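Since the structure comes first, as structure tokens, the remarks are kept for the end.
The values are calculated or read from the model by the stated rules, or taken from the named source; none is laboratory data. In this text the structure is predicted, and so the values were computed from the model without any measurement. Every residue, glycine among them, receives a Cβ derived from its backbone with ideal geometry; neighbour counts consider all protein chains shown.
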Amino acid sequence: MNVHDSDRIRRMIQDAGYAEVQRYEDADLVILNTCYVRENAVDRVKGHLGELNRLRREGRVKRVALTGCIGAAEESAALRQTYDIDLVLGTHNTYELAEFVGLPTMRETYTPDLPGTEGGHNAFVTIMTGCNYQCSYCIVPTVRGRMICRPMESVIGEVERLVAGGTGYVTLLGQTVDAWRHEGKRFCDLLEAVSESAPRVWFTTSHPSNMEDRTLRAIGERETIVKRLHLPVQSGSDRILKVMHRGYKAERYRRKIEVFREAAPEGTLSTDIIVGHPGETEEDHEQTLRLVEDCAFDSAYIFKFSPRRGTEAAGLPGTVPDAVVQRRFLEVLRQVEQNAFTRNQRKVGGMEEIYIRHGSTEDGKAIGETWSGHAVHVNTDAEPGDYVKARIESAGPHVLYAGEPDTSL
Ligand code: SAM
Ligand code: SF4
């Protein structure tokens, strides 16, 4: 979501006649588009603001704007007192940036109903903004507001324009995409319609409480949908899931995974897990490890709990000591990597059609994605957006390695 927002900001700045530069010292204007989900994101922004203030004193940077989720949080007032910032914007008033850079204000252009990055081989399309859940630990509903679903015609219209402009891969975006509803239509209807217009489709993020079996089956059945599911579970303990207000039990999650594995046996499954939520006991942690083993995730984002001011969890008793959090983090990571390694080994020897996401670097390796959603390193000078066919020669826990592409196919 932030990458997508940054793309839109970049486009706006370019419309105003600015060119993008790689180093702060070459910039007249610096816009920090920020994340507020965990404290380490804030620490990094403070580091950047410190450096920018120094450059500013030397006259090398003229103006600084802070946008995104930190801008929408109360903490931005404190940052403004400590650092020299010209403009602070939240997530809903990015259009004000237009005025700041000398463009007419275009409120309608920078609302959820806006065009995405056009022309790129790979484009994000926002289908909803905000979130109606209140997970104990999460700041997103505070900084992004309640859910607003974008009308189906608007999404389809954008997808069609993108595809006509050369986009080969569309990712539908939202905090809980499966909660999308509009005039009697549900997410699966939207996904199916998009999968008819776009040559390659993926979506993120799903919420287990909204995820319908119908959607899981569509992933398996529809040729243009990448068989990759990101379904955050957060914990394997029913007790902690309840404290988190996630709205499902571990058993329901397991059942969803069974449906997915049946619908797309070759597909990939990833998740988000938080370790060290207040009150998490050794027994809760064991249950998370058990769930990780049962679901055999292909990858997982594992986060150490980070208290966010204003969320319920920040005020809960039962803080888990850092050393315990670190141990649990490593245990979950090890379990995920073991499973992923075993599953990836099964791909070795197979021929795969690979979509090139990033062109080759100095070592001649491009990064691509199979239809099953596996990341692959492949020796090719094919351009992003191209497809190549190659045999998988080896595999690690995070990525597959393909041989030379077969050009006879
Ligand atoms: N809407 C998505 C969902 O519910 O699955 C995810 C949104 S959040 C931006 C991405 C991930 O960050 C979450 O799934 C959660 O694992 C993690 N996260 C959010 N708040 C956190 C916190 N306070 N501490 C640690 N991890 C957190
Ligand atoms: Fe945050 Fe929960 Fe909403 Fe995801 S569903 S954005 S974790 S409140």
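Of all residues in segment 56-100, those being touching a helix residue (DSSP H, G or I) at 6+ places or on another chain (Cβ under 6 Å), at pLDDT 90 or above and part of a loop (DSSP other than H, G, I, E, B) number 6. Which members of segment 18-29 meet the condition of being loosely packed, with under 15 Cβ neighbours inside 10 Å and either free of Cβ contacts under 8 Å to residues at least 24 places away in the same chain or under 16 Å from HIS48 (Cβ atoms) (or both)? Correct list: ALA19, GLU20, VAL21, GLN22, ARG23, GLU25, ASP26. Flag: LEU216 matches the condition of being over 18 Å from PHE124 (Cβ atoms), touching a Phe, Trp or Tyr at 6+ places or on another chain (Cβ under 7 Å) and either assigned to a loop (DSSP other than H, G, I, E, B) or at pLDDT 95 or above (or both).
Restricting ILE257, ILE273, ILE240 to those that are under 15 Å from HIS230 (Cα atoms), modelled with pLDDT of 95 or more and within 15 Å of ligand 2 (Cβ to nearest atom) reduces the list to ILE273. Please work out if VAL194 is at pLDDT 95 or above and outside any loop (DSSP other than H, G, I, E, B). It is true that VAL194 is at pLDDT 95 or above and outside any loop (DSSP other than H, G, I, E, B). If only residues of segment 111-147 that are surrounded by fewer than 21 Cβ atoms within 10 Å (Cβ to Cβ) and touching a Phe, Trp or Tyr at 6+ places or on another chain (Cβ under 8 Å) are counted, the one that is modelled with the lowest pLDDT is THR111.
Among the residues that make up segment 287-304, is at least one of them without any contact (Cβ under 8 Å) to a residue 24 or more places away in the chain and either of a type in the set (Gly, Ala, Ser) or assigned to a loop (DSSP other than H, G, I, E, B) (or both)? For segment 287-304, residues without any contact (Cβ under 8 Å) to a residue 24 or more places away in the chain and either of a type in the set (Gly, Ala, Ser) or assigned to a loop (DSSP other than H, G, I, E, B) (or both): absent. Restricted to segment 256-286, and to residues there that are more than 26 Å from GLY220 (Cβ to Cβ) and in contact (Cβ under 8 Å) with a residue 60 or more places away in the chain, the residue that is nearest to the chain's Cα centre (by Cα) is ILE274.
Could you tell me whether segment 158-179 includes any residue that is under 20 Å from HIS207 (Cβ atoms), buried (at least 21 other Cβ atoms within 10 Å of the Cβ) and away from ligand 1 (no atom under 16 Å from the Cβ)? Checked against the condition, which is being under 20 Å from HIS207 (Cβ atoms), buried (at least 21 other Cβ atoms within 10 Å of the Cβ) and away from ligand 1 (no atom under 16 Å from the Cβ), segment 158-179 yields no hits at all. Whether any residue in segment 11-22 is among the basic types (Lys, Arg) and either at pLDDT 85 or above or not in a helix (DSSP H, G or I) (or both) is what I want to check. Within segment 11-22, not a single residue is among the basic types (Lys, Arg) and either at pLDDT 85 or above or not in a helix (DSSP H, G or I) (or both).
Answer with yes or no whether THR268 is away from ligand 2 (no atom under 16 Å from the Cβ) and under 25 Å from GLY368 (Cβ atoms). Considered against the rule, which asks whether it is away from ligand 2 (no atom under 16 Å from the Cβ) and under 25 Å from GLY368 (Cβ atoms), THR268 comes out as yes. What do you reckon, is ARG150 within 16 Å of ligand 2 (Cβ to nearest atom), at pLDDT below 95 and either in contact with a Leu (Cβ under 7 Å, 6 or more places away or on another chain) or under 30 Å from LEU241 (Cβ atoms) (or both)? Spelling it out, it is not the case that ARG150 is within 16 Å of ligand 2 (Cβ to nearest atom), at pLDDT below 95 and either in contact with a Leu (Cβ under 7 Å, 6 or more places away or on another chain) or under 30 Å from LEU241 (Cβ atoms) (or both).
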